Amino acid sequence: MPQSLFIEGPAGVGKTTYAIAYIRELFQQGIHPENILVLVPHPALGQPYRDAFLAADWPTGAQIPVMTLGSLTQRAIEIFWPILAQPAGFAHPKREPTFLNLETAQYYMHRFVKESVELGLFDSINITSERIISQTLDNLLKASVNNFTFDEVEERLITAWGDRHSSRPLAYHASLDLARRFRQHCQQNNLLDYSLQAELFAQYLLPAPRFHDYLAQRYHYLIADNLEEHIPVAADLIRSLWNSLEVALLLFDTEASFRLFLGADPVKMHDLAALCDEVQPWHDAVGIPPAIVALAHEFDHLIDTTRPTPPVSLANPRDGFTYQAHKFYPQMVAWVIDQISSLIDQGVPPREIVVLAPFLGDSLRFTLMTQLESRGIPAVSHRPSRALRDEPAARAILTFMALCHPDWDIHPPVADVADALQQAIEGLDPVRAWLLAQIVYRRELASFEAIRPETQARITFTVGEKYENLRAWISLYQSETAGTIPPDHFLSRIFGEVLSQPGYGFHTNLDAGRSVSELVESARRFRRTLYPEGLDDWSSVSHDYYSLVQEGLLAALYAASWRDQEKDAVFLAPAYTFLMRNRRVDYQFWLDIGSSFWWERLEQPLTHPYVLSQHYPADQMWTDDLEYQARKDTLRRLITGLTRRTNKKIYLSITQLGEQGYEQRGPLLQVVQRLIQRYDTVSEGE
């Protein structure tokens, strides 16, 4: 048995810091880096290790690849494909497999969904095609990581809803039928989406003696961080490795488990503590002000009064936050911008400030970005699992893509052309962009010279010159290049040769550059996955990619988006996105805490994160009481998690009327009001 230690505690007690120091000590003992496995559930959660390994004082040559289960699985499948392909039922075991990311998996499933929608199989529920695809892929993953058959998934979902939705069993059956057809297509064509990779790893690789020997010879030292966010297969991997390990350090965050909706199994991962020689509960916060720690305890108890009473503290939780109430939403946003500007003026680095909301909609994001930009404050945002088309920069460049290919017979509306021109040409405001688009756009872009002189003057000749350069590029592309280059090459060229040049809107726009970079990478993966041998005529491929994105293709994970935190800029994100980075900052701004969205989970009529778990009884109906408890527990973990990732202060913004004009009385607001009433009354009494 190995020398093994299981450390559990909330965020901020120093678990990861200890692990990094432990790895350094292993190097000092002469342990070779190749024998160490650092396992994390998500690439972003491995960033503290990567940063430490790149530090100037880190031992030379002691670089360790920080692995996720996904990266480890893909590498293992590549190595052992010849011995697992045939037993796993693949039609062409001698051919190399093709690994699908989220986007390419959606493309293949889209073919089957389109047919099912046309047959009316999902008419009983109100759901779009892209949501059918994403939730069916989610069911595939839940089946794989929990070792459920498709029939079991369908039965669990039907039982959970009981007789409340008589229309849902038909939709469940249609979704699971899609899953079966998609899986058969993958096995016929050697395609591996993430769910199939997980299934191969759990059912074929882990039990294989040759694979076990491979792992045992390679890895003798294990550091597994954020165990609570891992899928169940990770526990099987660790148990398989256990007897061959010399040292194991397992780290568990007792107040996290933010990836439950993605299949994380904190119960099964915590059971690994029984394997360890020693289990250490850590409670003392490192580097977090006592007032913030006291505030986290107060939130924990006030949100769920069955939780332990907060420990006695000399610190006042009220010192950990400030708040401001407003009647209207714009007033709240203006207050947040003023406070951020004041902090920047005091010397606070922009990267030490985050602005969080339960959901970061287009309107709110645009308002925050433009107002921060108007004050010269850099800002970046990240909204994962968003459709690629939902990013403004991506929408603009896709509009130009359609204009560059008239043979597609796709004619964007004038509003889209006006928006694209406004984003593309520096200094062009919405009013003049609309005027310009109305005049020059008739299926194709006409010359600026054809506009009447007085209107040219109103739009300005500076804008006209930039517009003409853009139009000339499009015209040259149509006459010389159209159809000869793949979609990713087109996107790279129009961005690099025009839109990112001085005088154009993407020249200094880091957020736009990130969006376009992701779009280019998406198109590149699309091409390499579907057409690895290349083509002479790429026009139809570009058209297919354009159509798929416009229909709501969800973005896969891109490292560039998760590295935005390295930039010295204010970070705007949904609250869960920030938590997934496991990063601490000096100041947090929580927007609109009266919104019920802080505790409501996304409606998913075709799947269910709690029911599709090994720990949920298969014959139990999902009741309103269970839903209420799940929401309460989710809100508690979210709020205490955010609080413990604050170094100095939290700013709470309250608005009587929300973004849509409705009165706000969500559970988080009620908790904050009780907290304020309690401690402000105590202060007045003193």
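The values are calculated or read from the model by the stated rules, or taken from the named source; none is laboratory data. Model, not experiment: these values are computed from the prediction. Because the Cβ atoms are built from the backbone with ideal geometry, glycine has one as well, and the counts that use them run over all protein chains shown. For accessibility, only protein heavy atoms count, side chains too; no ligands or nucleic acids. Shrake-Rupley method; radii C 1.70, N 1.55, O 1.52, S 1.80 Å.
Structure summary
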| quantity | calculated |
| --- | --- |
| Residues (assigned to a helix (DSSP H, G or I), open to solvent by 10 Å² or more (accessible area, probe 1.4 Å) and either without any contact (Cβ under 8 Å) to a residue 60 or more places away in the chain or within 19 Å of residue 475 (Cα to Cα) (or both)) located in the stretch 419-444 | 419, 430, 431, 432, 434, 435, 438, 439 |
| Residue, surrounded by the fewest Cβ atoms within 10 Å (Cβ to Cβ), within the stretch 479-515, restricted to residues that are within 24 Å of residue 539 (Cα to Cα) and of a type in the set (Phe, Trp, Tyr) | 495 |
| Count of the stretch 84-103 residues which are loosely packed, with under 15 Cβ neighbours inside 10 Å and assigned to a helix (DSSP H, G or I) | 0 |
| Subset of the stretch 168-211 [outside any helix (DSSP H, G or I) and either under 29 Å from the mean Cα position of the chain (by Cα) or under 16 Å from residue 140 (Cβ atoms) (or both)] | 190, 191, 192, 193, 206 |
| Subset tally (residues that are open to solvent by less than 20 Å² (accessible area, probe 1.4 Å) and either more than 21 Å from the chain's Cα centre (by Cα) or within 29 Å of residue 289 (Cβ to Cβ) (or both)) for the stretch 16-40 | 7 |
| Single condition residue 106 does not satisfy, out of (1) open to solvent by less than 10 Å² (accessible area, probe 1.4 Å); (2) at pLDDT below 90; (3) farther than 30 Å from residue 581 by Cβ | (3) |
| Flag if residue 510 is at pLDDT below 80 and of a type in the set (A, V, I, L, M) | yes |
| Residue in the stretch 391-404 that is surrounded by fewer than 21 Cβ atoms within 10 Å (Cβ to Cβ), part of a helix (DSSP H, G or I) and among the aromatic types (Phe, Trp, Tyr) present | no |
| The stretch 562-604, residues that are at pLDDT below 90 and touching a His at 6+ places or on another chain (Cβ under 8 Å) | 562, 564, 577, 580 |
| Among residues of the stretch 463-480, those that are of a type in the set (A, V, I, L, M) and closer than 14 Å to residue 501 by Cβ, counted | 2 |
| Residue that is most open to solvent (accessible area, probe 1.4 Å), among those in the stretch 582-628 that are among the acidic types (Asp, Glu) and under 25 Å from the mean Cα position of the chain (by Cα) | 603 |
| Qualifying positions in the stretch 514-530 - of a type outside the set (A, V, I, L, M), free of Cβ contacts under 8 Å to residues at least 40 places away in the same chain and either touching a helix residue (DSSP H, G or I) at 6+ places or on another chain (Cβ under 7 Å) or on the phi > 0 side of the Ramachandran plot (or both) | 524 |
| Residue 483 on the phi > 0 side of the Ramachandran plot and modelled with pLDDT under 85 | yes |
| Verdict on residue 495 being in a helix (DSSP H, G or I) and not charged (D, E, K, R) | yes |
| Every residue from the stretch 290-318 that is closer than 12 Å to residue 675 by Cβ, free of Cβ contacts under 8 Å to residues at least 60 places away in the same chain and over 32 Å from the mean Cα position of the chain (by Cα) | 310 |
| Residue 449 vs. criteria open to solvent by 80 Å² or more (accessible area, probe 1.4 Å) and either out of contact with any Asp or Glu (no Cβ under 9 Å at 6 or more places or on another chain) or not in a helix (DSSP H, G or I) (or both) | no |
| Hits in the stretch 650-675 - residues which are modelled with pLDDT under 90 and not small (Gly, Ala, Ser) | 654, 655, 656, 657, 659, 660, 662, 663, 664, 665 |
| Some residue of the stretch 117-137 being more than 28 Å from the chain's Cα centre (by Cα) and in a helix (DSSP H, G or I) | yes |
| Residue, most open to solvent (accessible area, probe 1.4 Å), within the stretch 516-533, restricted to residues that are closer than 20 Å to residue 110 by Cβ and assigned to a loop (DSSP other than H, G, I, E, B) | 532 |
| Some residue of the stretch 543-554 being open to solvent by less than 20 Å² (accessible area, probe 1.4 Å), in a loop (DSSP other than H, G, I, E, B) and at pLDDT below 90 | yes |
| Scope the stretch 343-358; condition surrounded by 21 or more Cβ atoms within 10 Å (Cβ to Cβ) and either part of a helix (DSSP H, G or I) or of a type in the set (S, T, N, Q) (or both); matching residues | 343 |
| Entirely in the stretch 212-303, the helices (runs of 4 or more DSSP H) that have 1 or more residues that are of a type in the set (Lys, Arg) and open to solvent by 40 Å² or more (accessible area, probe 1.4 Å) | 232-241, 266-270 |
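Yes or no, residue by residue, for (1) in a loop (DSSP other than H, G, I, E, B); (2) open to solvent by 70 Å² or more (accessible area, probe 1.4 Å); (3) at positive phi:
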{"position": "310", "(1), (2), (3)": "yes, no, no"}
{"position": "319", "(1), (2), (3)": "no, yes, no"}
{"position": "324", "(1), (2), (3)": "no, yes, no"}
{"position": "337", "(1), (2), (3)": "no, no, no"}
{"position": "341", "(1), (2), (3)": "no, no, no"}
{"position": "363", "(1), (2), (3)": "no, yes, no"}
{"position": "377", "(1), (2), (3)": "yes, no, no"}
